[in-house]
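Encoded as structure tokens, the structure appears first; notes follow it.
Quick note: the coordinates plus some simple rules give every number you see, no bench work behind them. From a predicted model like this one, the values you see are computed outputs, not experimental measurements. Cβ sites come from the backbone with ideal geometry, for glycine too, and all protein chains shown count toward neighbours.
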Amino acid sequence: MLGLPKSTELNQPLPKTAIYARFQMNAAEKAKIDADISRIVIVNEVSAAKLNLAPGKIVQMFFVLQVQLKRKEFSEKTLITLSKLIPQNMVLLLEHEGQAKLAVYHTTLLQTLWCDPSALALSLKGLTMDAVWENVIIQIGGIQMQSGNTLEQQIALDEQRTKLEKEIARLEKLARAEKQPKKKFELVQKINVLKKESGGER
């Protein structure tokens with residue numbers, strides 16, 4: 001699965017009831033998870049020992065959890081809650097009606113696009129588990145690292161750029177609909193300022 005070494009494979013169901021009991025979740029929290037998730041199985045344990053790598057200073061291993069979703073338009077908060085509750089580094093393999101995507105929480109929820117499960121793969125790059133885990137996050141998030149940035153800094157920059165682009169799109173829509181020349185001009189000026197902040201013309 002995901003092109004990961006056979007030595008990492010597991011098939012260990014993780015009952016939702018066990019999660020509820022372990023983390024003493026209230027009825028509302030349980031309902032949110034139940035609304036999105038039908039089943040969770042731990043399918044891989046990727047560790048330094050199993051990969052014959054040096055242990056990381058921070059990361060010793062990570063797990064891949066196969067998560068069967070009840071709906072494709074799931075709540076991201078459900079996955080964030082799950083990731084925060086379980087004190088392990090985790091990749092979530094989300095599946096719904098013959099399609100799949102990968103997700104990982106690292107300061108924010110990063111995801112691939114939906115695709116055929118056979119098209120998904122993780123490349124384990126790095127000489128230590130710290131490096132391997134960072135590269136897994138980069139792959140799933142489609143992150144292009146800029147020189148001098150840490151992973152956290154790059155994620156924050158990418159998030160800010162995405163917010164700016166959404167605001168630009170919103171203002172462009174308003175500008176197209178605006179009839180008054182003065183207001184239209186003001187909107188265009190705002191758009192130009194935001195485009196400069198986001199890195200220039202799109």
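Legend: P(r) of the chain from all alpha carbon pair distances, 10 Å bins from 0, whole percents, reading 8, 28, 29, 20, 11, 4, 1.
Quote the charge dipole size of the chain about the Cα centre in Debye, to the nearest 20; the model charges only the Cβ of Lys and Arg (+1) and of Asp and Glu (-1).
740
Which of K30/K125; K32/K125; K6/K72; K32/K57 have a Cα-Cα distance over 31 Å?
Details: K30/K125 36 Å; K32/K125 35 Å; K6/K72 29 Å; K32/K57 35 Å.
From the list (K30/K125; K32/K125; K6/K72; K32/K57), the Cα-Cα distance tops 31 Å for K30/K125; K32/K125; K32/K57.
Give me P(r) over the range 104-144, computed from all C-alpha to C-alpha distances, binned every 5 Å, as integer percentages. Going out from 0 Å in 5 Å bins, the range 104-144 shows 6, 22, 28, 25, 15, 5, 0 percent. For the chain, complete DSSP H runs whose alpha carbons reach 15 Å or more along their own long axis and whose mean Kyte-Doolittle score is -0.5 or higher are 129-141.
Here the contact order of the chain, divided by its residue count and restricted to Cα pairs under 8 Å and six or more residues apart, works out to 15 percent.
Counting only the Cα atoms, the range 151-197 fills a convex hull of 44 Å³ per residue. Since only V104, M25, S83 are under comparison, the one whose Cα sits farthest along the positive direction of the charge dipole of the range 6-141, derived from C-beta charges on Lys, Arg, Asp and Glu, is M25. Backbone phi angles across the range 91-107, fed through the Karplus curve with coefficients 6.51, -1.76 and 1.60 (θ = phi - 60°), yield HN-Hα couplings of 9, 9, 9, 8, 10, 7, 6, x, 10, 8, 8, 9, 9, 8, 9, 8, 6 Hz in residue order; Gly and Pro are listed as x. In summary, the lysines within cross-link reach of K184, defined as a Cα separation below 20 angstrom excluding same-chain residues under 8 places away, comprise K166, K173, K195, K196. Filter the GluC sites (Glu not before Pro) in the range 16-99 down to the DSSP loop ones having no more than 15 other Cβ atoms within 10 Å, then list what survives. Passing both the DSSP loop test and the Cβ count: E73, E97. What the phi angles of the range 58-63 give under the Karplus curve with 6.51, -1.76 and 1.60, with θ = phi - 60°, is a coupling list of 10, 9, 9, 6, 9, 10 Hz, glycine and proline written as x. Tell me, how many Å apart are the Cα centres for the range 66-82 and for the range 9-56? Taking the Cα centre of the range 9-56 as reference, the centre of the range 66-82 is 13 Å away. Of all DSSP beta bridges confined to the chain, the antiparallel ones make up roughly 75%.
For the range 8-110, which trypsin sites (Lys or Arg not before Pro) pass both filters: DSSP loop (anything but H, G, I, E, B) and at most 10 other C-beta atoms within 10 Å? Show your work: numbers first, answer last.
Working: sites: K16, R22, K30, K32, R39, K50, K57, K70, R71, K72, K77, K84, K101; in loops: K57, K70, R71, K72.
In loop regions of the range 8-110 (DSSP not H, G, I, E or B), the sparsely surrounded trypsin sites (Lys or Arg not before Pro) are K57.
Work out, step by step, the length gained on full extension between R161 and Q180: first 0.36 nm times the residue separation, then minus their alpha carbon distance; give nm to one decimal.
On the way: separation 19, 0.36 × 19 = 6.84 nm, distance 2.93 nm.
Full extension of this stretch gives 3.9 nm more.
Label-to-label distance for K57 and T150 is 1.1 nm, based on points extended 7 Å past Cα in the beta-carbon direction.
Under unit Cβ charges (Lys, Arg +1; Asp, Glu -1), what dipole magnitude, rounded to 20 debye, does the range 151-197 have relative to its Cα centre?
Details: 13 positive and 9 negative charges, 101 e Å.
Magnitude of the dipole: close to 480 debye.
What length, rounded to one decimal in nm, is gained on full extension from F23 through to K125, with 0.36 nm per residue of separation minus their alpha-carbon distance? Mind showing how you got there, number by number?
Details: separation 102, 0.36 × 102 = 36.72 nm, distance 3.32 nm.
Here the answer is 33.4 nm.
The alpha-carbon of K16 sits under 13 angstrom from the alpha-carbons of these aspartates and glutamates, leaving out residues fewer than 8 places away in its chain: E29, D34, D36. Amide H contacts for V91 (H built 1.01 Å from N in the peptide plane; partners 5 or more residues away or on another chain; cut-off under 5 Å): F63, V64, L65.
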